[in-house]
1. What does the extension gain come out to for VAL80 and ALA171, with contour length at 0.36 nm per residue minus their alpha carbon separation?
2. How about LYS124: which aspartates and glutamates have a C-alpha closer than 19 Å to its C-alpha, ignoring those fewer than 8 places off in the same chain?
3. Cut-off under 25 Å on the C-alpha distance; same-chain residues fewer than 8 positions from LYS187 excluded. Which lysines are left, in chain and number order?
4. With a probe of 1.4 Å, find how much accessible area region 195-297 has per residue, and write the answer as a whole number in Å².
5. Mind checking which aspartates and glutamates have their C-alpha under 13 Å from LYS67, skipping anything on the same chain fewer than 8 residues away?
6. Hydropathy first: keep DSSP H helices in the chain averaging at least 0.5 on Kyte-Doolittle, then drop any whose Cα extent along the axis falls short of 30 Å, and list what survives.
7. In 10 Å bins starting at zero, report the fraction of Cα pairs in region 159-218 per bin as a rounded %.
8. What residues qualify as long-range amide H neighbours of GLY239, i.e. H under 5 Å apart, gap of 5 or more or another chain, H built at 1.01 Å from N?
Amino acid sequence: MTKKMIFVMAFMVCFLLTLTLYAQDSMSDKINTAEALLVQPSMNVFRRFNSDPEAMYSFYGNVLGFKQLDTYRVENGIGVARFQINDSQVKLSGFVPGRSYKRGDVADATGLRLLTFFYTDRDKLEKRFKESGMPAPVFKPALKPGRSHGFVKDPDGQWVELVIVPEKEAALCNGIEIGLVVSDIEKSRAFYGGFIGLKELPVQDDPVFKTKKYSFKHGSTVISLRYFKEGLPADTGTGGIQYVVSDAKEIEKLAQENGVKIDQPLRKLEGFPLLTVWLDDPDGIINYFAQIGAGEK
């Protein structure tokens with residue numbers, strides 16, 4: 001074998017080795033879940049309503065005690081009222097066309113059916129209910145020792161759970177638990193745990209709703225899944241989950257690669273430095289990804 005042939009073979013080996021290492025680096029950088037792009041240590045939650053806005057604002061602000069931020073006017077004049085819970089927001093807006101809205105109890109439809117908030121001072125909470133002229137919830141012992149909870153409806157008839165926790169668990173008051181009713185637990189677990197990439201918590205028996213609760217956590221926010229029975233109507237309109245991400249275009253690409261339904265493709269929100277993409281979970285619940293400070297796509 002000539003020196004030239006040896007040199008060529010050595011060069012080819014080095015070249016192929018370089019390609020292999022480059023491919024491995026590229027694979028390691030590949031985005032596999034949406035969680036890798038989340039930049040807010042929590043999620044925000046939307047509630048759409050069809051009742052008196054001032055009554056809704058008073059309930060979430062004056063009664064529940066959340067700080068009301070500026071109300072945004074987005075496309076088509078839709079107002080989005082925002083209420084702050086630490087680094088999360090509850091966003092209230094009116095009904096929009098093209099979605100289904102189902103009234104009733106938590107277990108009467110699939111969709112975002114329950115919001116859970118946490119408090120340490122039951123007396124202050126009950127006082128705010130009394131001052132507003134609303135009956136306070138009836139608190140009963142919760143599953144975990146030291147806690148109690150009660151259920152109320154907001155002025156639009158949507159369910160809220162209020163949980164009183166001991167001071168040692170005060171950090172829970174900085175977060176929200178978003179309660180989803182789903183039609184197929186395994187499909188929803190694959191979406192929130194696999195595609196989104198949220199941390200799955202241990203499964204819990206839920207004696208209140210007589211089912212099991214599957215929960216997923218990101219920062220201070222928990223998404224909980226419950227299944228009741230087949231054939232429930234779908235509520236795709238009254239609630240949605242918002243994630244703040246570093247790259248909305250990558251989210252859309254990830255959805256395309258994984259066969260996730262894109263409800264509204266990548267677009268710039270008119271009048272705002274916001275690039276968004278809306279995805280549907282397996283039950284048509286909106287998962288809304290927003291890149292803040294983004295220019296044109």
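The values are calculated or read from the model by the stated rules, or taken from the named source; none is laboratory data. These figures come from a predicted structure and were not determined experimentally. Please note that ligands, DNA and RNA were not included when accessible areas were found on the heavy atoms of the full protein model with its side chains. Shrake-Rupley method; radii C 1.70, N 1.55, O 1.52, S 1.80 Å.
1. Separation in residues times 0.36 nm, less the Cα-Cα distance, equals 30.0 nm.
2. Answer for LYS124, where 19 Å is the Cα cut-off: ASP154, GLU161, GLU167, GLU169, listed by chain and number.
3. Filter leaves LYS30, LYS102, LYS199, LYS210, LYS212, LYS213, LYS217, LYS229, LYS249, LYS253, LYS261.
4. It amounts to 45 Å² per residue over region 195-297.
5. Those aspartates and glutamates meeting the cut-off are ASP87.
6. 3-29
7. In order of increasing distance, the bins hold 18, 47, 30, 4 percent.
8. ARG48, LEU112
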